[in-house]
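As structure tokens, the structure follows; a few thoughts come after it.
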Amino acid sequence: MRKDFIFQTLVRKSMILCLLSITALFQVQCSGSKNITEPSHKESELSKRQAFFDDDWLETVTGNMPLIISAPHGGTISPDAIGDRDCGTKVMDNNTAELAFEIENAFGQLGKKPYLIVARLARTKVDFNRDLEQATCGNPQMEYTWKQYHKYIEEAIDAAIKEFGYAMYIDLHGQSHPVKRLELGYLLRAPALQKNYESTGNDSEIGTRTSVQNLLENNPKLILKDLLTGENAFGTLMEKSGFPAVPSLDDPHPKEGEPYFTGGYNTRRYTASDHPKVFGMQIEANFQGVRDSQENRIKFANAFARSVNDYLTFIESNWEY
Ligand SMILES: [Zn+2]
């Protein structure tokens, strides 16, 4: 009798333990999925997310000029503890982090320093050029890091505006399309670029859709056509320095069927009307002759620094902010 009783108690105890474990597991899973849809602001939740953050994953430079450059896709750090993204593209933009720091060096020779926000964490873990949901594919481990990246961009923009009254924002990427040139993304597709190039003056309907909309809004002397394909357009200045670019004076718009990146989440977010003192573009740099060796990265960076200087001089001479 007694033996049976002990046995039965043991069975009951193990069942309770088992049930408790199942409940605990279930709760972990539930709270896991709850985090995705309803972010909790509890202290413990925050520290759990911060546990998945390492200072080495994001590198920043505080600038002394109104230029902010982010490089979201050049990271190589790939911790095993973080699951790979299972949505969207995971392609890395090779050597764009190195290119960003070479640009910093080039400006250094002119006594200037741009603000930099460079991802060192791989795109397979988080995509800093997507909204939170696509960026993390629902992985709550990556929320804090994504938010930090964008907090650093916001802080850089705020600091530049406070000191200089405006900020030029560039989101730096790498592309591998057949035509080897810089693709400057002003948030316009090829047909709109063509229409603007063939227009005689300012097309306000097109202007309000671009990443230079705030610039146009505040400076009636500036014309979109000049900004994209004129003598002082950024693409023209790069082209004159030996780095073909589209749009530019010589290559005003991609031809039909040519792949071309118009600009993504970051460009849209930071040049929108709720950042009224910001204008900019996405730059998709080709590999050969730009990113492929340190020698070429230095050449590109020097041309880039001179072109930004000339471009900002042109903008400021038409300034009415
Ligand atoms: Zn990219």
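Scanning the range 199-254 for residues that are surrounded by fewer than 19 Cβ atoms within 10 Å (Cβ to Cβ) and touching a Pro at 6+ places or on another chain (Cβ under 9 Å) gives ASN202, GLU217, ASN218, ASP250, ASP251.
What number of residues in the range 268-296 are assigned to a strand (DSSP E or B), aliphatic (A, V, I, L, M) and within 16 Å of the ligand (Cβ to nearest atom)? Even if it seems obvious, please write down each step before you answer.
Taking the range 268-296 as the starting set, the residues that turn out to be assigned to a strand (DSSP E or B) are 278-285.
Applying the additional criterion that residues be aliphatic (A, V, I, L, M) yields 278, 281, 283, 285.
Filter once more, keeping what is within 16 Å of the ligand (Cβ to nearest atom): 281, 283, 285.
Qualifying residue count, the range 268-296: 3.
The residue that is nearest to the ligand (Cβ to nearest atom), among those in the range 82-99 that are in contact (Cβ under 8 Å) with a residue 40 or more places away in the chain and more than 20 Å from ILE69 (Cβ to Cβ), is GLY88.
Here's the yes/no breakdown for (1) among the aliphatic types (A, V, I, L, M); (2) at pLDDT below 85; (3) touching a His at 6+ places or on another chain (Cβ under 9 Å); (4) assigned to a loop (DSSP other than H, G, I, E, B):
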position	(1), (2), (3), (4)
ARG49	no, yes, no, no
GLU59	no, no, no, no
GLY63	no, no, no, yes
PRO79	no, no, no, yes
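Residue count for the range 273-321 under the criterion of being among the hydroxyl-bearing types (Ser, Thr, Tyr), more than 22 Å from HIS177 (Cα to Cα) and loosely packed, with under 15 Cβ neighbours inside 10 Å: the result is 4. The set of residues from the range 181-221 being over 20 Å from GLY264 (Cα atoms), charged (D, E, K, R) and assigned to a loop (DSSP other than H, G, I, E, B) comprises ASP203, LYS221.
Does the range 234-241 contain any residue that is touching a helix residue (DSSP H, G or I) at 6+ places or on another chain (Cβ under 6 Å), within 25 Å of PHE128 (Cβ to Cβ) and touching a residue at least 40 places away in the same chain (Cβ under 8 Å)? Full working, then the answer.
Keep residues of the range 234-241 that are touching a helix residue (DSSP H, G or I) at 6+ places or on another chain (Cβ under 6 Å), which gives 234, 237-238, 241.
Then drop every residue that is not within 25 Å of PHE128 (Cβ to Cβ), which leaves 234, 238.
Of the ones still in play, those that are also touching a residue at least 40 places away in the same chain (Cβ under 8 Å) are 234, 238.
Checking the range 234-241: at least one residue is touching a helix residue (DSSP H, G or I) at 6+ places or on another chain (Cβ under 6 Å), within 25 Å of PHE128 (Cβ to Cβ) and touching a residue at least 40 places away in the same chain (Cβ under 8 Å).
The C-beta contact set for the range 127-139 (first residue away from the ligand (no atom under 15 Å from the Cβ), second residue of a type in the set (Val, Ile, Thr), distance under 7 angstrom, 6+ apart or interchain) comprises THR136/VAL126; GLY138/ILE36. Within the option set GLU154, GLU163, being within 30 Å of THR236 (Cβ to Cβ), assigned to a helix (DSSP H, G or I) and more than 15 Å from the ligand (Cβ to nearest atom) holds for one residue only, GLU163. A count restricted to the range 95-107 and to residues that are under 16 Å from ASP310 (Cα atoms) and not β-branched (Val, Ile, Thr) stands at 2. May I ask you to list the residues in the range 65-77 that are crowded, with 22+ Cβ neighbours inside 10 Å and either assigned to a loop (DSSP other than H, G, I, E, B) or without any contact (Cβ under 8 Å) to a residue 60 or more places away in the chain (or both)? Of everything in the range 65-77, those that are crowded, with 22+ Cβ neighbours inside 10 Å and either assigned to a loop (DSSP other than H, G, I, E, B) or without any contact (Cβ under 8 Å) to a residue 60 or more places away in the chain (or both) turn out to be PRO66, PRO72, HIS73, GLY74, GLY75. Quick check on this structure: which one of GLY174, GLY108 is closer than 29 Å to PHE300 by Cα, within 16 Å of the ligand (Cβ to nearest atom) and at pLDDT 95 or above? On inspection, the qualifying residue turns out to be GLY174.
The values are calculated or read from the model by the stated rules, or taken from the named source; none is laboratory data. Note that the structure is predicted; figures quoted are calculated from it, not measured. We place every Cβ from the backbone using ideal geometry, glycine too, and count neighbours over all the protein chains shown.
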